[in-house]
Amino acid sequence: MNLVALGLGAAAGAGVASALMGLLVPRPARAAAVGLGSAVTGAAGVLAGIAAMTGQTWSMAAPELLPIAGVFLEVDALGGLFLAVAGAVAAVAAIYGIGYSRHHADGRAPQAVLPLFVLTLLIVPIAASVGTFLVCWELMALTSLLLVLTEHRRRAQVGEAGRWYAIMTHLGFMAILIGLLVFTAQAADDTFPALRAAAATLSPAVAGLVFLMILVGFGSKAGVLPLHAWLPRAHPEAPSHVSALMSAAMVNAGVYGIVRVGFDLLGGGARWWWLVVLLLGALSAVYGILQAAMSTDVKRLLGYSTTENMGLVLVGVGASGLFASAGNTVLAALAMAAALLHVCNHAAFKTLLFLAAGSVLHATGSRDLDALGGLRRGMPATTAAFGLGALAASALPPGTAFVSEWLLLQSLIQGLPNAGIATSIVLPVAVAAVALTAGLAVATFVKAFGVGFLARPRSDAAANAAESPATMLAGMGLAGVACVALALVPGLALPLIGRVAGGIAGTQTAPATGALTIELAEVTGTLSPFLLTVALLAAAVLVVVALRVAAARPRRQEARLWDCGAGPMSARMEYTATSFAEPLQRVFDNVVQPVQDVDVTHYQESRYLVQAVEYRRQIPDRIERRFYEPVLLAVARWGRAGRRLATGSVHRYLGYGFYTLCALLIALVVMR
Amino acid sequence: MGVRVSDALYVQLLNLAAGGLLLTAVLALWRRELSVIIRVFAVQGLALAGLVGVLAAREGSAELVAVAVGVLVVRVGVLPWLLRRALATSGADRRETRPVVNVASSLLAAAALTLLAYAVSQPLVRLSPEPAIHAVPVALAVVLIGFFVLVTRRRALSQLVGFLLMDNGITAVGFLTGAGIGLIVEVGVALDVVLVVLVLQVLTGRMRETFGATDLDDLRELRD
């Protein structure tokens with residue numbers, strides 16, 4: 001029995017059934033029916049994906065299904081990995097969505113579109129012809145856009161975010177379309193095997209053009225600089241389980257596209273391609289986490305963190321391409337395995353974080369860290385979930401991201417000895433970027449967790465927050481289990497991922513082996529996250545016990561904290577997200593260029609006594625200002641120039657058509 | 001349809017019908033009286049129906065005969081009737097008084113457009129020695145002249161006639177190239193045209209209520 005076919009069949013059936021249920025089931029039971037159905041869809045996708053990663057394959061050709069293009073599907077190991085990741089995120093997010101949607105997202109449209117979005121997420125990695133791929137890609141963009149717009153009646157910003165997303169995703173789609181069509185024009189037909197066969201005959205210039213176009217298109221989906229502008233807008237405005245789906249599953253489709261077309265279809269290509277990918281990745285990682293560190297909106301922070309993590313993944317992909325073009329396939333497989341493992345890890349912790357942030361939003365109605373705080377008492381489970389997610393995201397030893405970033409650093413460092421000039425400049429820069437990113441990520445997530453959940457509540461909403469319903473906690477619990485499993489025993493996933501990476505890089509050697517202890521192939525490097533965690537825990541226990549023992553010696557005395565005599569400490573004296581990030585903001589002042597405004601009002605009687613201080617800080621996205629504003633201005637100018645053509649006279653409009661037609665006909669006569 | 005028309009008669013009838021098409025198009029450009037223009041349009045419908053009828057007799061196809069009858073009913077009966085009804089309600093102002101391009105220049109332009117149509121359709125004509133194909137430039141000229149009427153006339157009703165002239169020309173091109181537009185397609189197109197006329201009639205009525213005239217240049221406010 002082919003498990004891939006079974007899983008995909010079940011996913012398709014469950015997906016379509018839940019979309020219908022979203023339309024037909026009455027409101028009280030709708031969210032539950034759709035959530036369960038979508039969860040089954042996702043779980044079936046996981047089954048099919050894992051079966052494909054273990055070596056089973058399945059393909060389907062239905063040339064008559066879509067007019068002209070036909071539908072071609074094929075599941076291989078690479079597609080299986082992304083299928084499994086998307087399915088897992090979808091299953092968890094769907095269960096969470098049962099409770100979350102009751103809030104105000106259980107209308108007919110969002111509930112019917114959610115399973116369709118899940119289905120397109122599952123089909124994109126297994127499409128095996130350009131036509132099928134582009135149709136699914138577009139459906140994915142459309143369904144996600146509809147889901148982003150779920151709450152557009154309640155908040156005006158949703159509409160703006162939707163417009164940004166719609167325009168950016170369609171520009172990206174156009175780039176992909178151009179790239180793939182140029183490629184297809186050189187091949188016998190538009191199926192992937194035909195493209196693979198044609199890749200060898202492409203001239204370097206055409207292949208480079210194809211790669212650049214698809215890099216722009218897929219890069220914009222992955223939220224890579226400078227095409228990231230939609231991501232921190234659209235992801236926060238979507239309902240939180242949709243944010244999780246987009247941020248943890250949909251952005252992966254961008255990485256998948258780059259790997260599929262760059263490595264598989266174009267067959268590797270020139271070195272400069274991968275240098276570009278690596279540099280873009282490094283820039284995105286640093287810039288993304290820097291913006292996240294400055295952000296005070298928790299979901300926006302998570303959105304920027306997605307840009308950062310996709311940047312890290314692309315650093316791995318770029319390094320893998322570099323090593324492969326230099327002929328070092330084992331190291332290429334190691335870098336690719338690091339990138340793919342980071343895709344899995346990021347999916348796990350970003351799902352958890354977005355779900356936890358959604359739980360906070362559900363309970364308090366606020367995403368502003370400066371208005372939260374003190375949630376630990378009211379929402380212990382959500383606090384634990386966000387804490388776990390923050391630890392997982394911050395690339396410190398017991399965390400999930402640590403394992404993949406360690407693998408990434410290993411591959412970058414091991415690549416140095418036998419590198420050319422360009423590579424030996426780029427690799428150390430990449431190492432530095434990854435290290436800087438890891439450090440900033442710690443600060444970012446300490447801020448998000450510490451300011452948002454600990455200390456005392458800064459608003460009534462935060463003080464009165466109550467724990468979320470059981471289905472939401474179940475969703476967060478599942479994501480948390482995945483985080484812990486990937487952090488402690490990455491050996492569960494790494495052999496499968498290593499197989500996929502080896503297949504892409506063209507080597508039989510598994511880049512990393514071992515269940516509890518990871519051992520790298522052909523280079524010296526071992527890591528045991530499990531033993532490391534045990535050691536860390538033991539050390540922590542030891543320190544605590546030692547402190548207790550030492551502190552017990554002189555008798556403790558309870559006393560009031562010194563407060564300058566200004567009365568009892570209030571929540572306004574706590575660190576806020578803004579003040580926590582202030583030192584970092586000073587360090588990176590030249591990069592982020594914040595706009596600050598301090599207004600001090602004095603008492604009229606004395607200039608020495610301050611009545612009130614008002615402080616405002618804005619951190620505009622600099623790349624957005626430099627890169628987008630000129631473009632937008634030029635488009636606006638063009639539009640104003642075009643307005644002169646439109647005087648409102650019907651005769652003139654008709655005349656445009658008439659004269660153009662006549663000119664065309666005359667041209668036809670003269671030129672023939 | 002057993003009656004086969006002899007070759008010479010067929011060519012003459014075809015040319016007569018095609019000549020009628022072109023002549024009525026030019027007449028519609030020349031006359032200013034709206035009621036006369038509508039009558040000219042009806043005559044053109046007759047010529048078109050004749051053209052289709054000649055082709056039907058030539059090919060002995062019952063379907064084409066049905067289409068010819070349909071063309072006759074719609075373009076000689078229904079559409080002119082609708083136009084006349086619109087004209088009757090439009091009050092005293094029944095002349096195209098001030099076209100964008102004056103009548104003399106319009107006739108020169110029509111000549112130029114006919115030349116252009118002949119020049120453009122040369123490759124089509126060269127494809128086949130069929131007399132029907134040789135009449136394609138005439139139909140194309142009717143399309144262009146119809147478009148020209150649409151562009152240069154100010155009154156909503158005469159613009160409507162321009163649009164219908166274009167449609168007549170397009171239909172004629174379709175039949176002459178012998179692509180064999182199916183009955184269903186022709187019925188669909190006829191229905192479309194009738195609907196367009198009905199909608200524009202309502203529009204004209206509304207315009208008159210609002211502005212007291214049906215000069216389309218009064219609609220200048222409709223822009224961003």
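Worth pointing out:
- Residue in the stretch B:96-117 that is among the small types (Gly, Ala, Ser), modelled with pLDDT of 85 or more and closer than 25 Å to B:Tyr10 by Cα present: yes
- Boolean, A:Tyr659 is surrounded by 13 or more Cβ atoms within 10 Å (Cβ to Cβ), more than 7 Å from chain B (Cβ to nearest Cβ) and part of a helix (DSSP H, G or I): no
- In the stretch B:173-189, the condition of being modelled with pLDDT of 75 or more, under 20 Å from B:Ile38 (Cβ atoms) and in a helix (DSSP H, G or I) is met by no residue.
- Condition broken by A:Asp190, with the remaining ones in (1) in contact (Cβ under 8 Å) with a residue 24 or more places away in the chain; (2) under 21 Å from the mean Cα position of the chain (by Cα); (3) farther than 30 Å from A:Pro28 by Cα satisfied: (2)
Here is a yes/no grid of residues against (1) more than 14 Å from chain B (Cβ to nearest Cβ); (2) touching a residue at least 24 places away in the same chain (Cβ under 8 Å); (3) outside any helix (DSSP H, G or I):
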position	(1), (2), (3)
A:Arg607	yes, no, yes
A:Ile623	yes, yes, no
A:Arg626	yes, no, no
A:Ala634	yes, no, no
A:Trp638	yes, no, no
A:Tyr653	no, no, no
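- When the residues of the stretch A:484-495 are filtered to those that are surrounded by fewer than 22 Cβ atoms within 10 Å (Cβ to Cβ) and not small (Gly, Ala, Ser), the one that is nearest to the chain's Cα centre (by Cα) is A:Val484.
- Residue check for A:Ala646: more than 9 Å from chain B (Cβ to nearest Cβ) and out of contact with any Gly (no Cβ under 7 Å at 6 or more places or on another chain): no
- Filtering A:Thr578, A:Thr601 for residues that are of a type in the set (Val, Ile, Thr) and either within 14 Å of chain B (Cβ to nearest Cβ) or without any contact (Cβ under 8 Å) to a residue 24 or more places away in the chain (or both) leaves a single hit, A:Thr601.
- Scanning the stretch A:203-256 for residues that are crowded, with 24+ Cβ neighbours inside 10 Å and polar (S, T, N, Q) yields A:Ser220, A:Ser240, A:Ser243, A:Ser247, A:Asn252.
- Among the conditions (1) part of a helix (DSSP H, G or I); (2) touching a residue at least 24 places away in the same chain (Cβ under 8 Å); (3) crowded, with 16+ Cβ neighbours inside 10 Å; (4) aliphatic (A, V, I, L, M), the only one that A:Val16 does not satisfy is (3).
- Within the stretch A:85-112, being among the hydrophobic types (A, V, I, L, M, F, W, C) and either buried (at least 24 other Cβ atoms within 10 Å of the Cβ) or closer than 16 Å to A:Gly475 by Cβ (or both) holds for A:Val85, A:Ala86, A:Ala88, A:Val89, A:Ala90, A:Ala91, A:Val92, A:Ala93, A:Ala94, A:Ile95, A:Ile98, A:Ala105.
- Within the stretch A:206-257, the residues that satisfy the criterion of being within 15 Å of the chain's Cα centre (by Cα) and of a type in the set (Val, Ile, Thr) are A:Val224, A:Val242, A:Val251, A:Val255.
- Flag if B:Val149 is touching a residue at least 24 places away in the same chain (Cβ under 8 Å), within 14 Å of chain A (Cβ to nearest Cβ), within 24 Å of A:Gly655 (Cα to Cα) and surrounded by 20 or more Cβ atoms within 10 Å (Cβ to Cβ): yes
- If you filter the stretch A:124-167 down to residues that are of a type in the set (Ser, Thr, Tyr) and touching a Ser or Thr at 6+ places or on another chain (Cβ under 7 Å), you find that the one that is farthest from A:Phe192 (Cα to Cα) is A:Thr143.
- Members of the stretch A:172-189 that are surrounded by fewer than 18 Cβ atoms within 10 Å (Cβ to Cβ) and of a type in the set (Val, Ile, Thr): A:Ile178, A:Val182
- If you go through the stretch B:124-144 and keep only what is touching a Gly at 6+ places or on another chain (Cβ under 8 Å), in a helix (DSSP H, G or I) and more than 10 Å from every other protein chain (Cβ to nearest Cβ), you end up with B:Ala132, B:Ile133, B:Val138, B:Ala139, B:Ala141, B:Val142.
- Output for the stretch A:367-416, where each listed residue is in a helix (DSSP H, G or I), aliphatic (A, V, I, L, M) and closer than 27 Å to A:Gly321 by Cα: A:Ala393, A:Ala401, A:Val403, A:Leu407, A:Leu408, A:Leu409, A:Leu412, A:Ile413
- Those helices (runs of 4 or more DSSP H) lying entirely in the stretch B:18-123 with at least 2 residues within 14 Å of chain A (Cβ to nearest Cβ): B:103-120
For (1) closer than 20 Å to A:Pro529 by Cα; (2) among the hydroxyl-bearing types (Ser, Thr, Tyr); (3) in contact (Cβ under 8 Å) with a residue 40 or more places away in the chain; (4) touching a strand residue (DSSP E or B) at 6+ places or on another chain (Cβ under 6 Å), each residue gets a yes or a no:
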residue	(1), (2), (3), (4)
A:His342	yes, no, yes, no
A:Phe349	yes, no, yes, no
A:Ala357	no, no, yes, no
A:Leu361	no, no, yes, no
A:Thr364	no, yes, yes, no
A:Arg367	no, no, yes, yes
A:Asp370	no, no, yes, no
A:Arg376	no, no, yes, no
A:Thr383	no, yes, yes, no
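- Test for A:Phe192: is it assigned by TED's automatic domain parsing to the domain that holds A:Leu265, in contact with a strand residue (DSSP E or B) (Cβ under 8 Å, 6 or more places away or on another chain) and more than 30 Å from A:His104 (Cβ to Cβ): yes
The values are calculated or read from the model by the stated rules, or taken from the named source; none is laboratory data. Bear in mind the structure is a predicted one, so any value in this text is a computation, not a measurement. So basically every Cβ, Gly included, is an ideal-geometry build from the backbone, and we count neighbours across all protein chains shown.
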